[in-house]
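Colleague: Mind having a look at this structure? Questions to follow.
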Amino acid sequence: MTDARNAGALTGEKILVVGATGQVAFPLTLSLAGSNEVWAAARFRNPDARNRLEEAGVRCAEIDLVAGSFGELPDDFSYVLNLSVVHTNNWGKALDGNAGGAGGLMWHCRAAKAFLHCSSTGVYQPDHHRRFAEGDPLGDSHRPLLPTYSISKVAAEAVVRFCARQLGLPTTIARLNVPYGDTFGLPLMHLETMVAGHPVEVHTDAPSLYNPIHADDILATVPKLLAVADVPATVVNWAGNDVVSVEDWCAYLGELTGLEPTFVHTDAAIPSVAVDLTRMHELIGPTTVEWRDGFRRMVSARHPELVG
Ligand SMILES: NC(=O)c1ccc[n+]([C@@H]2O[C@H](COP(=O)([O-])OP(=O)(O)OC[C@H]3O[C@@H](n4cnc5c(N)ncnc54)[C@H](OP(=O)(O)O)[C@@H]3O)[C@@H](O)[C@H]2O)c1
């Protein structure tokens, strides 16, 4: 493992992005395509996303992680980013796609220099407003909304840890918090909820605390996360510096737009998942986009008519 805090942008590499049509991976894949040979893998259920990737010079390869079929996917990538996720209420498909699929990918791409597996801070056992560190207990925080999510993401981490050791493949497991940007993420969903005049769902155990991370910081930290890939796998939280509550960020969206947020408090919402960033800061340094700047940019991009 190297000191990655000054790792620059990736250039001239052959990079595979798995789940490239997804909300987090799509802008990242387009950015990487400017200066690398980038391949996108998914089932490509969204043909528009595939077209946009191909227009940007990204090579698309159809795979199915649940079936374990990798089709014509090459196996000579220098770096692999697994940002896929299988959302399903079918437990077999969730385990095969998220856990088995990650293992199949690592085996297929075992010659890579490094493998970045995107996990989630949704793997932590809810514990009110605790700031979760990497060694904290794992559990089932997303059960109310996505019953298979947390458990299959924990299972995926176990498979990825095993494969890193078994294959000698330097790996980072990065537990992503709340990703957002001008085109995606929970804050944008809340903005649209407010624009539609509906209440925003928050957990009864208020406030609902998270560490939102902007797309610019996701892009900037990917090379650093790859640089700290190791055997055994490096496990690290992947989140923005600021702990912000949903209640506070909706109030700020209200300030920007003149819309008054209203809330529904329910046990069926995902509980707080704020994180301890000590390890992330040691390994790759802090993020750079202050949350209010990122939110203001998002509102200006999505609803310019609402900002002064
Ligand atoms: N979004 C969040 O708020 C959030 C928060 C924390 C962590 N994360 C993590 O961040 C990563 C990206 O999440 P996301 O929200 O961007 O995901 P997403 O929008 O749901 O995208 C999922 C991607 O996986 C692909 N995929 C799904 N089933 C597949 C299959 N059977 N075979 C091959 N590819 C398949 C999808 O394409 P096709 O359907 O076309 O195959 C798509 O490209 C995931 O690891 C997720 O757990 C996300």
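The numbers here are math on the coordinates, done by the rules we state, and not lab data. Please read all numbers here as calculations on a predicted model, not as lab measurements. Every residue, glycine as well, gets a Cβ built from its backbone with ideal geometry; the counts of neighbours run over all protein chains shown.
Colleague: Please give the charge dipole size of the chain, origin at the Cα centre, charges +1 on K and R Cβ atoms and -1 on D and E Cβ atoms. Round to the nearest 20 debye. Show your work: numbers first, answer last.
Modeller: On the way: 23 positive and 35 negative charges, 143 e Å.
About 680 debye.
Colleague: Kindly state, as a whole number, the per residue volume in cubic angstrom of the convex hull around the alpha carbon atoms of the chain. Present the calculation step by step, with values, prior to reporting the outcome.
Modeller: Values: hull volume 38.5 nm³, N = 308.
It is 125 Å³ per residue.
Colleague: If you average the C-alpha positions of segment 6-59 and of segment 208-225 separately, how far apart do those two centres end up, in angstrom?
Modeller: If we compute the Cα centre of each part, the gap is 17 Å.
Colleague: Could you identify which residue out of 42, 158, 61 has the top mean-square fluctuation in a GNM of the chain using Cα springs shorter than 10 Å?
Modeller: Largest GNM mean-square fluctuation: 158.
Colleague: In addition: Multiply the residue separation of residue 306 and residue 55 by 0.36 nm, subtract the distance between their alpha-carbon atoms, and state the gained length in nm to one decimal. Intermediate results must be reported in sequence, preceding the final value.
Modeller: Values: separation 251, 0.36 × 251 = 90.36 nm, distance 3.17 nm.
Additional length available on full extension: 87.2 nm.
Colleague: By a straight-distance test (C-alpha under 25 Å), which lysines pair with residue 93 as possible cross-link partners, with residues fewer than eight away in the same chain excluded?
Modeller: Correct list for residue 93: 153.
Colleague: In the chain, what percentage of the DSSP-assigned beta bridges are antiparallel, given to the nearest 5?
Modeller: Details: 6 of 43 bridges.
So the antiparallel bridges amount to about 15 percent of the total.
Colleague: Moving on. Lysines near residue 14 by alpha-carbon distance under 23 Å, same-chain residues fewer than 8 away left out - which ones?
Modeller: Correct list for residue 14: 113, 224.
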